[in-house]
Every structure is written in C-alpha cells, then in structure tokens.
1. If PHE70 passes every condition in (1) aromatic (Phe, Trp, Tyr); (2) closer than 24 Å to VAL256 by Cα; (3) modelled with pLDDT of 70 or more but one, which one does it miss?
2. Mind listing whichever residues of region 266-287 are within 21 Å of the chain's Cα centre (by Cα) and hydroxyl-bearing (Ser, Thr, Tyr)?
3. Could you tell me whether region 138-147 includes any residue that is part of a loop (DSSP other than H, G, I, E, B) and modelled with pLDDT of 95 or more?
4. From the list ASP101, ASP179, which one is more than 16 Å from ligand 2 (Cβ to nearest atom) and at pLDDT below 95?
5. Would you confirm whether any residue within region 76-83 is under 22 Å from LEU198 (Cα atoms), within 16 Å of ligand 1 (Cβ to nearest atom) and outside any helix (DSSP H, G or I)?
6. Hey, which of the helices (runs of 4 or more DSSP H) in region 228-275, taking only ones fully inside, have at least 2 residues that are surrounded by fewer than 19 Cβ atoms within 10 Å (Cβ to Cβ) and not β-branched (Val, Ile, Thr)?
7. Anything in region 6-16 that is within 11 Å of ligand 1 (Cβ to nearest atom), modelled with pLDDT under 90 and over 10 Å from GLN150 (Cβ atoms)? List them, or say none.
8. Within region 75-98, identify whether any single residue is in contact with a His (Cβ under 7 Å, 6 or more places away or on another chain) and within 16 Å of ligand 2 (Cβ to nearest atom), and answer yes or no.
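The values are calculated or read from the model by the stated rules, or taken from the named source; none is laboratory data. Fair warning: this is a prediction, and the values are worked out from it, not measured in the lab. No Cβ is skipped: glycine too gets one built from the backbone with ideal geometry, and neighbour counts run over all protein chains shown.
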Amino acid sequence: MKHLDEWESDLQSRYPKPTSNTDKLEVNGDRNCNGEPHKTREAFRDYDAEARSSVKDFYRLNHQFQTYDFVQQKRNQYLSLTQRRMGIWEAMEYLNTLVDDSDPDTDLSQIEHLLQTAESIRADGHPDWFVLTGLIHDLGKILCLMGEPQWAVVGDTFPVGCQYAKSIVYYDFFKQNPDWHHPVYSTERGIYRERIGLDQIIMSWGHDEYLYHVVKNHLPIEALYMIRYHSFYAAHRENEYRRFFNAKDEHYFPWVQRFNEYDLYSKSDQRPNVEELKPYYESLIQQYFPSTLAW
Ligand SMILES: [Fe+2]
Ligand SMILES: [Fe+2]
C-alpha cells in the first residue's frame, strides 16, 4: 500500500455506513469550511482500483507471514516496553512524522484522524475516557517508525494458533501461511479451549495489541477492549470466534462495536484545528496518564 490510510479506505468500502442511521457528517450543511461538499456515504465507497489491488497485495503478505511463531517473536521484542519513553501528545506528534506517500492536501494526517475520532465521540456526549480512547487508539502505529512493515502494524487482526475464520478478508491467502498445515493450529479450537476468554487468545501482531500493553494500567476496561480489538473485524463485524468468549468478553465486547462507528465514520474533509484543540486534550491526557509512558 502506498500509505496506511488505504487499509482504512478499504474498511469503509467493506463496511459502509448503514443508510438507516443519521449521517453525522452531513448535519452541518452541504459544504465544509473550505466550500467543498461534505463526504457522502457513496464517497466513502469510492476509491480507485489501484488502491484495491495494493490492499490485496498487503493482505497477501499479512496472511502469509502472521504465523504463531512470528507473533510470539514480536511480543517478545516489544511487550517488555523498552523501546522509548514518551508522553501521549508526544507520541501523537511522533506518529505524525510518519512519512508516507499520502497526499498532504487531501489525506488526513494521523493526528487529524485521531482528533476527528475523539471530537465526534465528544460531540455525542460520551464520558471523557471514551473521548480519550478515540484520541489515542491508533498510537500503536508508531511500530511503523520502529521499522515494522505495514502488514505487521495495520490490517484486520485475527487469532493465531487456531483455524482462521472464513469471513476474514482475502481468506484464501492464508493457504500460504505455514500454520495452515500445522496439526494443531489448523484445527477449529487450536491451542485454546472453548470460552477461554479473549485475554488468553494470541492475536496477529499489530498496533492494537501493542498500544493495549502501553496503556493497560491507566484506562477503564471498556476503553482497553476498544483499543485491543478495534481491528478484530472478524469478531466485531462478522460475529466469528464467539466460541472463545467468556462472560467478561460478552459483557464488554459491545464497546468495541460502539467504538468502531467512530473510527470508521468520523472521517471527513473538515480538518480539525490541532493547535486550538491541543489545550483541551492535553488536560484530558493529564487526568489519566503520567507525563511519560514506557513504549
Ligand atoms: Fe486502528
Ligand atoms: Fe483509527
């Protein structure tokens, strides 16, 4: 993919906003502050064939190389959190240094996506920890700045160590994954038992799991579910892997679905004013986080 947003455009295409809902992006009139029309639901679906084929290539790599052993190796490498120390806002600015091929005139920066997500959660009157979750949910993408390839940072996540769900996008590419032929990992339950709890499931490596470990001592459990599973589309959109849910997961997982609405559908051409919003968000960050965290 030329840039990380292609995966997210693809998600909007796969999961267009239901037409029965009120479209929040259209309620402020027909035009944004630049005089351009607000994005319609159709516009979210409208991306070119070139993007589609590069997303396909992306999933080919992701599905081939996200083996159980690869994930364990990345967990050992990163989950001791010894890469660096940074505050939350500092991490947002660091993520924004990600130089990719996106068009700065039309594509939102990473910081703008985070602020748009947070602002739309705030506009709906949700609790401050929910707003804060919107603000930070993609900070794990700094893995790209630590040398990780895109297929090990973004993309749908899924359990490793057991059979892949057929509804996972580009399922056939899993046939190239060595685990496809593994005597245990290829079985329905794999190394897990029923109702073992999501906490015990090893997910494919990416920005969700990494950020969860960075922030897990500082946010309510609902927020941690949202952060840890927001790319687990097979579960939160396709209802797969329910056999592994325990009572706690049944209770908290709906928060992941609630969060996904904001992650996918808050994107608009109306760019947030970063400097204007910064004081509000810095004080929100201070309520929950120490000045620096281990990453
Ligand atoms: Fe994300
Ligand atoms: Fe996001």
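1. Of everything listed in (1) aromatic (Phe, Trp, Tyr); (2) closer than 24 Å to VAL256 by Cα; (3) modelled with pLDDT of 70 or more, PHE70 misses just condition (2).
2. Selection gives SER266, SER268, TYR281.
3. Yes; the residues of region 138-147 include at least one that is part of a loop (DSSP other than H, G, I, E, B) and modelled with pLDDT of 95 or more.
4. Details: ASP179 fails: at pLDDT below 95.
Criteria check complete, one pass: ASP101.
5. Going through region 76-83, the residues under 22 Å from LEU198 (Cα atoms) turn out to be 76-81.
Now narrow it down to the ones that are within 16 Å of ligand 1 (Cβ to nearest atom): none.
Checked against the condition, which is being under 22 Å from LEU198 (Cα atoms), within 16 Å of ligand 1 (Cβ to nearest atom) and outside any helix (DSSP H, G or I), region 76-83 yields no hits at all.
6. On the way: elements: 233-236, 247-252, 254-265.
Filter on region 228-275 gives 247-252, 254-265.
7. Filtering region 6-16 down to residues within 11 Å of ligand 1 (Cβ to nearest atom) leaves 7-8, 11.
Now drop any that are not modelled with pLDDT under 90, which leaves 7-8.
The answer is GLU8, and nothing else.
8. At the first step, the residues of region 75-98 found to be in contact with a His (Cβ under 7 Å, 6 or more places away or on another chain) are 79, 81.
Those still in the list that are within 16 Å of ligand 2 (Cβ to nearest atom) too: none.
No, that holds for no residue.
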